[in-house]
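Worksheet: the structure to be examined is printed underneath.
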Ligand SMILES: Nc1ncnc2c1ncn2[C@@H]1O[C@H](COP(=O)(O)OP(=O)(O)OP(=O)(O)O)[C@@H](O)[C@H]1O
Ligand SMILES: [Mg+2]
């Protein structure tokens, strides 16, 4: 079983949105996928309550039971566990990061978000985890490619020494709209640019982390 942990000590960077989207895509490839919702806000669990499909499975957990839960899920043949973590949860975030094969840190491209990423990077470095940063909520690319704010964010992030996903996830209403009905954008508007970006991100993560 492979484990991806979505980590960002800052709130609202896209941990839940990306957990759901990556898990739905993996489940659509016939992997047995579970999202571990260790955020007391339980956003992923509420999404699952609105969902009609049974896959991926969403299980509310706490950091203290995570290790035991992982052993059980692995023995049940789960292929991929996606851990959605809470913001401002230093201790829990360390546990979830330690257990991960791959840690994904979403950040928005704005300066305040970029400055806040330091604490998440510190966690990753303290455990020598394999990790990447993904820019989320970005302005759409224009005719000439990425907007300046996105390429400037890449430059600012280069100093952390952690790879940044080549695809930036744009701010697209379909990404949040799809969640209202308990879906992901790849189900809700599968031909959309938003769905393309999510697929591109998943493919890149898979290359980095060899998920299947
Ligand atoms: N790329 C995007 N395009 C449009 N809306 C987005 C995008 N990413 C996230 N959002 C919206 O931004 C809000 C915050 O996203 P999300 O809940 O995924 O962040 P989070 O990191 O899980 O937050 P928290 O730290 O509170 O758990 C949500 O309303 C979500 O629908
Ligand atoms: Mg969340």
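Every read-out reported here was derived from the displayed coordinates using simple, explicitly stated rules and does not represent laboratory data. If you're wondering where the values come from, they're calculated on a predicted model, not measured in any experiment. Heads up, the Cβs are rebuilt from the backbone with ideal geometry, glycines too, and the neighbour counts pull from every protein chain shown.
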Largest to smallest principal axis extent of the C-alpha atoms in region 86-207, angstrom: 40, 33, 28
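How do 2, 122 rank when sorted from fewest to most other Cβ atoms within 10 Å of their own Cβ?
Values: 2 18, 122 14.
Fewest to most other Cβ atoms nearby, the residues stand as 122, 2.
Restricting to region 2-204, compute how many DSSP beta bridges are antiparallel as a %, nearest 5. Please list the in-between numbers first.
Working: 1 of 26 bridges.
Expressed as a percentage, antiparallel bridges in region 2-204 total about 5.
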Span per principal axis, largest first, for the Cα atoms of region 88-129 (Å): 29, 18, 13
Calculated Rg and Dmax of region 1-121 using C-alpha coordinates, Å: 13.7, 43
Neighbour-count ranking [beta-carbon atoms within 10 angstrom, fewest first] of 113, 37: 113, 37
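How big is the shadow of the Cα convex hull of region 138-206, averaged over all directions, in nm²? Please list the in-between numbers first.
Numbers: hull surface 21.6 nm².
Convex hull of Cα atoms, orientation-averaged projection: 5.4 nm².
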For region 91-212, share of DSSP beta bridges that run antiparallel, in % to the nearest 5: 10 percent
Relative contact order for the chain, counting Cα pairs under 8 Å that sit 6 or more residues apart, in percent: 25 percent
Modelled FRET efficiency - R0 30 Å, residue 122 with residue 148, Cβ distances, 0.05 increments: 0.60
Fewest-first ranking of 84, 39, using other Cβ atoms within 10 Å as the exposure measure: 39, 84
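Test of understanding: what is the full-extension gain from residue 171 to residue 130, defined as 0.36 nm times their sequence separation minus their Cα-Cα distance?
Numbers: separation 41, 0.36 × 41 = 14.76 nm, distance 2.62 nm.
Here the segment from residue 171 to residue 130 would lengthen by 12.1 nm.
Once the mean 1/r over all distinct Cα pairs of the chain is inverted, what Kirkwood radius in angstroms do you read off? Show your work: numbers first, answer last.
Working: mean 1/r = 0.0589 Å⁻¹.
Value: 17.0 Å, from the Cα pair sum.
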Cβ-Cβ FRET estimate between residue 65 and residue 115, R0 fixed at 45 Å, reported to 0.05: 0.85
For region 32-77, diffusion coefficient by Stokes-Einstein and Kirkwood Rh (Cα), 10 °C, 1.306 mPa s, µm²/s: 142 µm²/s
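Per the helix-only calculation at 222 nm, which mean residue ellipticity applies to the chain, given -39500 (n - 2.57) for every DSSP H run of n ≥ 4 and division by its residues, nearest 500 deg cm²/dmol?
Working: 10 runs with 98 residues, N = 212.
When only DSSP H runs of four or more count, the value is -13500 deg cm²/dmol.
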Distance histogram in 10 Å bins (all Cα pairs of region 50-137, percent per bin): 14, 44, 32, 10, 0
Cα centroid separation - region 162-203 against region 92-124, whole Å: 20 Å
